[in-house]
Each structure stands twice: as structure tokens, then as C-alpha cells.
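Presented below is the structure to which this report refers.
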Amino acid sequence: MTRRDATKEEEQGSSAIVFEGVSKRYPDGTVAVEHLDLTLPAGELTVLVGPSGCGKTTTLRMINRLENPSEGRLMIGEQDVMRIDATRLRRRIGYVMQHSGLFPHHTIADNIATVPRLLGWNKKRRRERVDELIELVGLEPSLASRYPHQLSGGQQQRVGLARALAADPPILLMDEPFAAVDPIVRHRLQQEFLDLQRRVQKTIVMVTHDIDEAMKLGDRVAIFEPGGAVAQFDTPSRLLAAPASDFVIDFIGADRELRRLALKRLDSLTLDSGLTAPFDEVVSRARSYLQQAGSGGIVVLDSDHAPLGWLGWEQLKRAGDATRLDALDLQPWRHRLYLHDNLRTALNALISAPGEVVPVVNDEGHYVGVIDRLQLTRQLV
Amino acid sequence: MNWRWIASNLDTIRDALIQHVQLTGLALLFGFLIAFPLALLAIRWPRLYTPSLALTGVLFTVPSLALFILLMPFTGLSMATSLIGLTIYTLLILFRNIVQGLRGVAPDVREAARALGYSRARQLFGVELPIALPVIVAGIRIAAVTIIGMVTVTALIGQGGLGRLFITGFTLDFTTPLVVGFVLSVALAVAVDLLLVALLYWLTPWQRGVRG
């Protein structure tokens with residue numbers, strides 16, 4: 001096989017990451033990772049989560065040989081990482097760290113172009129790639145000529161991500177990438193990152209100590225326990241529905257049920273069509289709807305078929321027969337629920353709703369049905 | 001002030017100045033060539049740091065005149081004698097500042113360089129050294145100004161740059177050469193210092209506007 005063929009295979013070969021009985025012990029006797037068997041599937045985002053000192057970071061750092069395993073075998077695709085030159089290996093694995101780790105003496109553009117420069121790309125190709133990446137991670141193009149200290153924490157983190165993606169590596173390693181930014185920025189970065197992953201489809205391994213983040217971002221989550229062993233490795237919904245041990249239950253937390261709700265979207269349910277009336281209906285008709293349905297209230301819709309407010313039985317009883325519904329004091333909902341919202345959001349809306357149901361709308365804001373507590377509870381069984 | 005003396009001795013003054021610059025420049029160069037690898041060793045094996053610092057520190061405290069006299073049996077009244085002495089005096093400052101500068105590079109920056117696939121040498125010259133530059137240049141500035149003053153002492157062993165003008169003035173009991181030597185030596189120190197500041201400014205565009 002010629003050298004060129006070998007390089008090609010490295011780039012295109014399957015990039016599943018397989019740990020086979022991998023341990024990491026330090027000379028002072030500390031065991032960071034103990035006999036780890038784990039297969040991180042290609043094209044998926046795997047999150048390693050656990051309390052501090054559980055070996056999750058060491059596990060991540062062994063993939064690009066920032067640490068070398070003491071025993072066992074670590075394969076990327078068909079290749080044993082210990083047989084690949086560490087420098088070459090690292091140049092085809094993206095790496096994002098907690099504090100962006102940007103080079104203070106390089107401009108943003110030069111920071112992003114780090115790996116392409118190490119790989120010897122010419123100037124023109126580097127510049128084009130930098131422009132692409134700046135757009136991809138949502139940075140202002142005018143920032144390209146600035147230095148890192150002139151950027152906010154969130155912007156620096158975006159640059160860190162762009163730098164990791166620069167040479168289009170098949171694998172991306174992320175060590176607590178969103179831990180150092182404030183909660184609002186973190187939420188936005190996480191969301192954008194999920195969208196980005198849907199487009200780029202890389203094999204991503206992310207370390208976090210934040211179980212919420214793990215459940216939100218991971219296709220699969222490996223929960224590590226102290227001593228460097230994996231307590232459970234599964235999809236978020238399986239972890240919530242069937243935790244393997246008391247440690248996992250403890251670690252996921254007492255609000256496990258709520259987290260399960262967060263994994264399901266409203267459009268996955270068959271929504272109740274609910275009881276509705278147009279805004280120009282008269283009170284007497286609305287009262288008869290309610291009596292027929294045996295319901296405690298009604299959703300009033302506007303001319304666009306969007307929910308206007310809730311009318312309870314007590315209100316209707318007191319109003320005059322011929323009064324139009326929109327002349328009454330309609331009770332609005334504090335939260336508008338969309339079909340793409342998850343059930344946890346729905347529960348939150350229900351708690352603060354004026355009636356026993358909350359209307360759900362589609363992306364155009366048109367009424368599609370209602371959700372109530374019974375429907376939510378049924379999802380947990 | 002005897003301006004006529006200055007006018008008729010311009011060549012002497014010029015030669016003294018040139019020698020002064022040469023001695024200073026060469027001492028800094030040799031000092032750096034010794035201190036830099038020593039600093040790298042001290043960073044690679046931290047146990048070497050304290051003894052290295054102690055050694056260069058002891059050398060720094062040896063009175064300059066005594067050092068030159070100690071060297072005389074080996075190298076005589078030569079330029080080598082004064083260069084060896086002057087170089088030794090740069091070591092402490094250069095060594096300490098190079099180590100401090102390189103140690104001051106943030107761990108996550110070093111980690112990032114490694115993780116992105118920098119080789120060891122490229123990481124040193126492409127990342128760590130540029131970032132350490134302000135601290136290293138600060139050391140060079142102190143060393144330069146110290147050496148410019150100390151060069152004059154080597155006049156006693158037949159070198160001395162502008163220091164020779166002091167000897168002339170002293171033996172002839174004549175103030176003009178003393179004043180000329182003094183003024184030029186101070187001016188040289190100020191000029192070199194400013195030059196290094198300008199050089200640093202030019203080499204570190206990322207530092208501009210950080211701290212005024």
C-alpha cells in the first residue's frame with residue numbers, strides 16, 4: 001500500500017472508537033480507568049458523564065493519546081491508536097476544551113487555521129476554510145482579525161469549536177466545552193451545537209459532569225462511577241426508563257420522571273381535539289357545548305384559529321345569553337405550546353394554566369389540540 | 001569642557017563606542033545561547049531549576065573586578081577575558097526570565113497545542129516562545145543595561161569600550177574624556193533600552209492595547 005492510500009484510509013475509514021479492556025494506572029498507584037470495554041458508534045454523539053475523579057476525562061484523553069493506556073487496546077476504526085504517530089493522530093481528531101485554550105498571540109483567523117497550517121495547506125485554501133468556519137459557528141466575520149482577549153467567553157468558545165473542525169476531522173473530542181460560559185450563553189451554544197451536529201454528523205465524544213447536558217445532547221450516555229468503571233452505557237431514554245443500578249438512579253437524580261418527559265415531544269402524541277369555540281360565538285351556545293361535553297371550560301379561538309383564552313364554567317354561568325365570547329374576560333395562557341415542544345415544557349405550562357388543559361399550536365400558531373395532565377401521566381407508565 | 005579635544009579625538013571616541021557596543025552585544029548573545037538551553041533543561045526537569053538559579057546567582061554576586069582578575073591567568077588581557085566575565089553576569093537575569101516567561105504560558109494553551117498536533121519543537125518555537133517574549137525581552141533589557149555599565153570596568157584589563165575614556169581622563173587629570181565617556185555610556189544604555197521596547201512592540205501585535 002502506498003503512503004497516499006494509507007492516508008486516504010485513515011481519513012475515510014470508519015471512525016467508531018472501541019475500548020477493549022483499557023486501563024489507565026499512574027506510577028503512584030492511582031487507577032483512573034479500570035478495564036474499560038466500550039464501543040462509541042460512528043457518527044453519534046456519546047457523552048461521558050460522572051462525578052469528578054471517575055476517569056471520564058482520562059478516557060477522553062486516551063483517544064487522541066494525550067494519555068497512553070496502561071493496558072488494553074484502543075481502536076479507531078480498524079486502527080490501534082498506539083500504532084499511529086501521536087502528532088499525526090491528533091491532527092485528524094478535533095479537540096475542544098473547557099477554557100477555549102486559544103493561542104493569545106494569534107488572530108482569530110490564525111487560531112482557526114491552526115491544524116490546516118500544521119497539515120501544510122496553502123494560504124488560499126486556509127483562508128477559504130476559515131471563512132466557511134466563521135459562518136458555520138455563527139461568528140461575525142469582522143472578528144477574524146481580532147485577538148482572543150478581545151472576544152467574550154461565548155465567542156471564544158465558538159472559535160474553539162471552529163478550530164477543532166478546521167481540518168474536517170471525522171472525530172471530535174470535547175472536554176466540558178460549555179462549562180465555562182454563563183447559563184444563557186451555554187443554553188444557546190448547546191442548541192446551536194445540536195443543530196451543527198445534525199449537519200456535520202461526526203463521531204463526537206463529550207465529557208461533562210452535568211447530567212442535564214448529557215441527557216440533552218447525547219445520542220448515548222456513559223455514566224462513570226468512582227474507580228473508573230462504567231455503571232451504564234445507553235441512550236438517554238433507556239437510562240431514564242431502566243437505570244441499571246442504584247448509583248445510576250442516584251446520579252440521574254430524583255426528578256428522573258421529569259427528565260423522561262423532556263425526551264418526548266408533543267407531536268409524538270395523539271392530541272385530544274379539545275373543546276373550542278370561535279371568538280364571535282354567543283354565551284348561550286358555549287354553555288350548551290360545555291354541558292354536552294361535561295367539560296369545565298372551553299378554549300376560545302380567534303379569526304386566525306389561534307387560541308385566544310380560556311373560559312371557565314363559572315364565568316359562562318354569570319354572563320348574559322347573547323354576549324359574544326370575546327366581550328368576556330378571557331383568561332390567557334402564560335406559555336404558548338408548540339408541537340415541537342417537549343412534554344416537560346407542556347407540564348410546566350399545565351401547572352400555570354387557567355383551566356385543566358393547555359392548547360397546542362403548530363409552527364404557524366394555528367390550534368391543533370389540547371394536552372391535559374392525564375395524557376402526560378400516561379406517558380410515564 | 002574642551003571641545004577641541006573632542007574634535008581631535010573623534011576616531012578614538014568612535015572606536016571606544018564601537019567596542020562598547022560589540023562587547024555588550026556579544027555578551028548578551030553568548031549569555032542567551034547558554035541561558036536558553038539551560039532554561040529548557042530546568043523546565044523539562046524542574047529539579048534542575050533551583051541549583052541552576054543558585055549557581056547563576058552566586059556568579060552574579062562575585063565582584064566584577066575580582067572575576068576579571070581570576071580569569072586573567074587563563075585568558076590574559078584579552079577580549080575573551082572581558083567577554084567571559086560579562087557573559088557570566090547576564091546569565092542569572094536571562095535564565096530566570098526565560099524560565100519565568102515559558103512557565104507563564106497558560107497550561108490550557110500548552111494543552112491545546114499538544115492536542116491539536118504540534119510537535120514538541122514547533123510548540124516551543126511557535127507557541128510558547130512567542131507568548132513568553134515580553135518576559136524574556138524584559139530580562140534582556142535589564143541584562144543589557146547592566147552590561148553596558150559593566151563594560152567600562154573591563155577598561156582595567158585593557159578592554160572597556162567607553163571605559164577607556166575614563167582611564168584617559170583619570171591618568172591625564174582631565175575631565176573632558178570623563179564627561180564624554182559618561183554621557184555616551186548613559187545614552188547608549190537608554191538607546192538600547194528604547195530599541196528593545198520598540199522591538200518588542202513590533203514583535204507582539206497581540207499585546208497592544210492590553211495594558212496601555
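Any residue at all in segment A:211-218 that is basic (Lys, Arg) and at pLDDT below 85? For segment A:211-218, residues basic (Lys, Arg) and at pLDDT below 85: absent.
Residues that are over 35 Å from the mean Cα position of the chain (by Cα) and surrounded by fewer than 16 Cβ atoms within 10 Å (Cβ to Cβ): does segment A:327-344 have at least one? Within segment A:327-344, one or more residues are over 35 Å from the mean Cα position of the chain (by Cα) and surrounded by fewer than 16 Cβ atoms within 10 Å (Cβ to Cβ). Going by the structure shown, is A:Gln191 free of Cβ contacts under 8 Å to residues at least 12 places away in the same chain and within 11 Å of the chain's Cα centre (by Cα)? Spelling it out, A:Gln191 is indeed free of Cβ contacts under 8 Å to residues at least 12 places away in the same chain and within 11 Å of the chain's Cα centre (by Cα).
For segment A:148-165, state whether one or more residues are among the hydrophobic types (A, V, I, L, M, F, W, C), buried (at least 20 other Cβ atoms within 10 Å of the Cβ) and out of contact with any strand residue (DSSP E or B) (no Cβ under 9 Å at 6 or more places or on another chain). Scanning segment A:148-165, I find at least one residue that is among the hydrophobic types (A, V, I, L, M, F, W, C), buried (at least 20 other Cβ atoms within 10 Å of the Cβ) and out of contact with any strand residue (DSSP E or B) (no Cβ under 9 Å at 6 or more places or on another chain), so the answer is yes. Residues of segment A:344-368 that are outside any loop (DSSP other than H, G, I, E, B) and closer than 13 Å to A:Val299 by Cα: A:Val357, A:Val358, A:Pro359, A:Val360, A:Val361, A:Tyr367, A:Val368.
Has segment B:92-107 got any residue that is surrounded by 20 or more Cβ atoms within 10 Å (Cβ to Cβ), within 8 Å of chain A (Cβ to nearest Cβ) and either touching a residue at least 40 places away in the same chain (Cβ under 8 Å) or of a type outside the set (D, E, K, R) (or both)? No: segment B:92-107 contains no residue that is surrounded by 20 or more Cβ atoms within 10 Å (Cβ to Cβ), within 8 Å of chain A (Cβ to nearest Cβ) and either touching a residue at least 40 places away in the same chain (Cβ under 8 Å) or of a type outside the set (D, E, K, R) (or both). Those strands (runs of 3 or more DSSP E) of segment A:200-319 in which 2 or more residues are assigned by TED's automatic domain parsing to the domain that holds A:Ile93 and not acidic (Asp, Glu) occupy A:203-208, A:220-225, A:229-234.
Determine if segment A:71-88 includes at least one residue that is closer than 18 Å to B:Val127 by Cα and of a type in the set (Gly, Ala, Ser). No, segment A:71-88 contains no residue that is closer than 18 Å to B:Val127 by Cα and of a type in the set (Gly, Ala, Ser). If you go through segment A:313-329 one residue at a time, do you hit one that is farther than 20 Å from A:Arg373 by Cα and in contact with a Phe, Trp or Tyr (Cβ under 7 Å, 6 or more places away or on another chain)? Scanning segment A:313-329 turns up at least one residue that is farther than 20 Å from A:Arg373 by Cα and in contact with a Phe, Trp or Tyr (Cβ under 7 Å, 6 or more places away or on another chain). Just one of the listed residues (B:Leu92, B:Leu67, B:Leu33) is closer than 30 Å to B:Leu156 by Cα, modelled with pLDDT under 90 and assigned to a helix (DSSP H, G or I), and it is B:Leu67.
Just one residue in the set B:Val145, B:Val137 is more than 14 Å from every other protein chain (Cβ to nearest Cβ) and either farther than 26 Å from A:Asp175 by Cα or assigned to a loop (DSSP other than H, G, I, E, B) (or both); that residue is B:Val145. When the residues of segment A:63-97 are filtered to those that are of a type in the set (D, E, K, R), more than 26 Å from A:Val181 (Cα to Cα) and not in a strand (DSSP E or B), the one that is modelled with the lowest pLDDT is A:Glu78.
Taking A:Ala109 as meeting all but one of (1) under 20 Å from the mean Cα position of the chain (by Cα); (2) hydrophobic (A, V, I, L, M, F, W, C); (3) at pLDDT 90 or above, write down the number of the exception. Among (1) under 20 Å from the mean Cα position of the chain (by Cα); (2) hydrophobic (A, V, I, L, M, F, W, C); (3) at pLDDT 90 or above, A:Ala109 violates only (1).
With respect to (1) over 14 Å from A:Leu376 (Cα atoms); (2) in contact (Cβ under 8 Å) with a residue 24 or more places away in the chain, the lone exception for A:Ala346 is condition (1).
Listed conditions (1) at pLDDT below 95; (2) away from chain A (no Cβ under 14 Å) are all met by B:Leu194, apart from (1).
Within segment A:94-121, if we keep just the residues that are at the interface with another protein chain (Cβ under 9 Å from one of its Cβ atoms) and among the polar types (S, T, N, Q), the residue that is farthest from A:Ala144 (Cα to Cα) turns out to be A:Gln98.
The values are calculated or read from the model by the stated rules, or taken from the named source; none is laboratory data. It should be emphasised that the depicted structure is a prediction, and the values quoted were computed from it without experimental measurement. Neighbour counts are summed over all protein chains in view; Cβ atoms, including those assigned to glycine, are modelled from backbone coordinates with ideal geometry.
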